[in-house]
1. Compute the distribution of all C-alpha to C-alpha distances in the chain, in bins of 10 Å from 0, and list the percent of pairs in each, rounded to whole numbers.
2. Order of 103, 127, 413 from fewest to most other C-beta atoms within 10 Å?
3. In what order do 246, 112, 88, 398 fall by count of nearby beta-carbon atoms within 10 Å, going from fewest to most?
4. Which of 395, 303 has the fewest other C-beta atoms within 10 Å, and how do the rest follow up to the most?
5. After finding the eigenvalues of the alpha carbon gyration tensor for segment 165-252, what semi-axes result from the square roots of 5 times each, listed largest first in whole Å?
6. Using only Cα atoms, find the angle between the long axis of helix 213-229 and the longest principal axis of the chain, and express it within 0 to 90 degrees, rounded to the nearest 10.
7. So between residue 31 and residue 66, what do we pick up on full extension, going 0.36 nm a residue minus the alpha carbon distance?
8. Rg and Dmax of segment 92-169, using alpha carbons, in Å: what are they?
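Read-outs: derived from the displayed coordinates by stated rules, not from any lab. As the structure is a prediction and not an experimental result, all values here were calculated from the model. Because the Cβ atoms are built from the backbone with ideal geometry, glycine has one as well, and the counts that use them run over all protein chains shown.
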């Protein structure tokens, strides 16, 4: 393991051996985690949506299903939910090549292209009724980003050129109508014809602000995936600009936490902290720089990503009950544990370990997965609960499927972890033999 061990400083040697022992202790746990992730993905998450979400009467997928599997057949159908389903099953088909995943991806693709994409003005409708008719035609930059993300993934999985063309057209729509050419970044929302509207908030809990962290994070995510399959020089410039905006304006340079809302000139409008977005952003930011392939930028982003994860590790983890707290708003900790934030924590801390070599990050990823397994996975009806109270004793919210409750965060966690854990095992081959 170590050559010339007698020549190594005793203190340094102690740290090396401690880190090595930690990895030895975690080797079996990582093997078990790999098996758990495979089972969770195929036997729970993907299976649940295959068996319960298809709307055979009106097309597409149901807009709402409760925790105890009661379907609201007349519930509106959200663009975010439907494009996230498309991304999930396109990714599943790309990874596994299983025809049942292709069926789901094609169903989602056909429904979203036919019903959600505005053929006249471009962009994506925010909401349809249960029969597939537009009921809210606003153009929310956030949902258009998810359309680009999903359509580019469907092209990655199937090679369907029409899907790539739709993604490129939506990219041009955002660059033409949503991008702020003076102050940079992307404005939140518009009317059907891209004219200004007064209420641009993403949800009832969001601030009505011209620009937000959340929208920019997911435009970054979408452009990263599109750049994987479309090496446009213009898109490369857009992606680089988004990385710079994130570092220069969105991340607080003192705390390495995301600022959440801004005016047109990037003046912060809120002091709230979202731990889930911070840890999600820490790995999505690095992924964007990695796909862009700029080595100098990668070095800069690597440091930022690790510092973001370190701050979440110190401030956002529940040291008593496990799991990731939701947010801190007006100085008050919102200590419930939402499903999506836990999934992002598993990936984000694993990414921080891969970038830093600090085993404590990998240890925390395993701890959060333990919280998910114990409190969020629904062993009776399948899929995950929306969230729990701080100690995991009580479920919060009633939907298993809804406009914001989807298979994207938790399935993506599994896809990411299967790849990352396999690489960790390969890099530490001697421990995993």
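1. The distribution over the chain is 4, 21, 32, 28, 11, 3, 1, 0, given as percents.
2. Values: 103 14, 127 20, 413 27.
Placing the least packed residue first, the sequence is 103, 127, 413.
3. On the way: 246 22, 112 25, 88 28, 398 14.
Exposure proxy ranking, most exposed first: 398, 246, 112, 88.
4. Taking fewest neighbouring Cβ atoms as first place, the list is 303, 395.
5. Details: eigenvalues 92, 55, 26 Å².
In descending order the semi-axes read 21, 17, 11 Å.
6. Approximately 90 degrees, to the nearest 10.
7. The residue 31-residue 66 span can extend by a further 9.2 nm.
8. Cα-based Rg and Dmax for segment 92-169 come out at 12.8, 36 Å.
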